[in-house]
Structures are given as structure tokens and as C-alpha cells.
Amino acid sequence: MKAIIFTKYGPPDVLQLKDIEKPVPKDNEVLVKVYASSANPLDWHRMRGEPFLVRLSDGLLKPKVPMLGADISGCIEAIGKNVTEFHPGNEVFGDCGWAGGFAEYASVPEKNLVLKPTNITFEEAAASTAVAITALQGLRDNGHIQSGQKVLINGASGGVGTFAVQIAKSLGCEVTGVCSTRNQDIVRSIGADDTIDYTQEDFTKQGQKYDLIYDAVGNRSVFVYKRILKSHGTCIITGFSSLPRFFQHMIMGPLISIIGNKKIRTQPVAKPNHRDLLFIKELLETGKIKPVIDRHYPLSETAEAIRYLEKGHARGKVIITMEHNDIT
């Protein structure tokens, strides 16, 4: 099978399309013929080995696992002997872990997959795993979102942000999205009640206060977040613009949260699980959320896809498609 491999850290040029052996599913795994995957910031962080903290788990000098891609959708080709939920031929989507999705086949634990909704494409399914679950867990588990709250989403046009807007709306909140001029219409079209153009206005100086801030950019001081939170409000930070800012959020956020009644927290790395995948599937089936897809690239052009994603201006998701002849 064909797969994207990288044997050293560096720019997108280190990514190579190679022929490698097709994986064999373990007893609790299924072999998925991958039709689509999607690129995430984790992919380019792992590719470059940056920030250096990434190398503590990936390998100091070169990657221990030379593959990228977490989100997949496709058709089950074979199952392990202990698999009970799926059968060959089932169309599925989910998470194959932190590596292996940029390939024509992936061996995936049964618990990491759910049946693909019939009303969406394979590309849309592949776009709806890591970022959707990140938004869900950030808003629900970390932010304790409640119906009727006034919610601000910073980075509302990105992969996580577009799902955060829609999930917050589906839970009955009043949502304001922060994005650039060119993305105002997109953010409104997915449900935002209001938008703030960060190229024209500073959302921290609008005089508005929010019950919940969900920041997928992480480019503000914790003291600014505190200022625009309502009493008993919460700010969840899931992105970071620089290491100094990241460490400030990690250290000062908990200290500020101890004093007073406002909470500022950084979101842990999202952990895809069967329950949350089923929740996202239901939202997709009922039309309460719909992925925003910016661009499609064939597997052979994955380096260009990552190069584009690294620029930080993708609207929604960047999709990698496989070149099987039987994709429908």
C-alpha cells in the first residue's frame, strides 16, 4: 500500500510517498480501507519535532513512528477475531491514534470507530473526528457549558473553532465568533449570532463580558481573559501562539482561578472515545453540525496540504483523499 512516511524532522519536504506493507489487524482491531483523512496541527508539529517537547514522546533525534494522520474514514476490509461491532463492508469513521491515517489502509482498535452517517461523505466524516471531539470536550467537560450562556469562540473559522461554534449553538447558547474579514460569512453561516473581525476590532475591548470563552488560538494574556469574563465565568484555552504564552497560561491560569470566582484553564489533549464519537455522529446525522472543508489534496500531495495548513489560515479542515478506484 501507499503511505506518507517521514524519517527525519523538518519542513514538509521530509514527507515521502512510499510503498509499505499493508497492516494486519490485531484481535481487537479492524483493517480500514481509508478513503479520506484530515490534517491537524499535531501533524505538522510532529513532522517538525516542534516545539521540542514533542520529541520527548516522538523521539529526540528522529521519529519513532514515521507516519502521520489521526482522522480517518473508509470501509472495513477485515476484522480481528475479537471484534463484535463491525463487519467487513461497514463504512466507518474515527481515530486511528496519532499516526497512520495518511495511508491507503489503517489498522484501528474497534473502540476508536463508529459507523459513518449515511447523510455525509467520507471527506466530511474524516473532517469530524479530532477537532470535533476537541471542541466537545473543551466546551462540555472543561467549560461546563450551559444553555443560555453567552459564549465567545476565538479562532471561530479554524478546524476546532468551526465545530465549537456549532456545538455551542446546538446546546442553546448565544455565540460570538472571532475571525478575520474573509471568514465572517462562513462563521455566521454555521450559526454564530455575532462575529468580531479581529483585523478591525479587538474583541477584548468591546465592553462585552462572557460566561464562557473558548480560545482555539491562545494569543492573549490570562489577565485579559479574566477581564472579559462574567462573574463565575470560565475561559478554556486549547491553542497556543508561542511557548512563552503557553507557559503563562499553564502557570498563571490556575493561580488566577484560585483567587476570585473566574476560572482560566488550558484544555488537556483531547482523547477520542467511543461515547463522544457516537455523540458527534448523532449531531452529524441530525444536521446540528456540519464540517467546513477548505481544501482537498490527494495523498501524493500531502506535503502541500501540510504546507498550507502551517500558514494558519485554513477555513475549517484540510482533507487528504486516497486514490482508490472504488471510492463512491
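Per-structure values
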item	result
Residue order, fewest to most surrounding Cβ atoms within 10 angstrom, among Thr195, Thr238, Thr266	Thr266, Thr195, Thr238
Straight-distance crosslink candidates among lysines, where the alpha carbon sits under 21 Å from Lys116 and sequence neighbours closer than 8 are dropped	Lys33, Lys271, Lys281, Lys288, Lys290, Lys317
For the stretch 201-218, 3J(HN,Hα) per residue [Karplus equation, 6.51 cos²θ - 1.76 cosθ + 1.60, θ = phi - 60°, Hz, x = Gly/Pro]	9, 9, 5, 7, 10, 8, x, 8, 10, 10, 6, 9, 10, 10, 10, 8, 10, x
Modelled FRET efficiency - R0 41 Å, Arg188 with Asp27, Cβ distances, 0.05 increments	0.25
For the stretch 211-250, average projected area of the Cα convex hull in nm²	2.5 nm²
Order of Lys271, Lys288 - criterion: other Cβ atoms within 10 Å of each residue's Cβ, fewest first	Lys271, Lys288
Long-range HN-HN contacts of Lys317 with modeled amide H, under 5 Å	Val292, Ile293, Asp294
Helix-only [θ]222 nm of the chain, DSSP H runs n ≥ 4, -39500 (n - 2.57) each, per residue, nearest 500	-7000 deg cm²/dmol
Under-5 Å amide H pairs with Ala36, H placed in peptide plane, nonlocal only	Ser73, Met322
20 Å binning of all Cα-Cα separations within the chain, expressed as whole percents from 0 upward	33, 57, 11
Spacing of the two label points (7 Å from each Cα toward its C-beta) at Met1 and Val65, in nm	1.4 nm
Protection proxy ranking of 154-167, 175-188, 3-16 - average other beta-carbon atoms within 10 Å, highest first	154-167, 175-188, 3-16
Note, ³J(HN,Hα) from phi for the stretch 4-17, Karplus 6.51, -1.76, 1.60, rounded to Hz, x at Gly and Pro	8, 10, 9, 9, 8, 7, x, x, x, 4, 6, 7, 10, 8
Inter-label distance for Glu50 and Phe247, nm, one decimal - labels placed 7 Å from Cα along Cα-to-Cβ	1.8 nm
Rg/Rh for the stretch 132-266, where both radii come from Cα atoms and Rh is the Kirkwood radius	0.93
The stretch 184-257: C-alpha pair distances exceeding 16 Å, %	54 percent
Cα centroid of the stretch 56-113 to Cα centroid of the stretch 259-328, whole Å	16 Å
Share antiparallel - DSSP beta bridges, the chain, percent rounded to 5	55 percent
Cleavage-rule hits (trypsin sites (Lys or Arg not before Pro)) in the stretch 74-181: DSSP loop, at most 15 neighbouring Cβ within 10 angstrom	Lys81
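A short reminder: the numbers here are calculations on the coordinates, not readings from a lab. As the structure is a computational prediction, the values presented were derived from the model and not from experiment. No Cβ is skipped: glycine too gets one built from the backbone with ideal geometry, and neighbour counts run over all protein chains shown.
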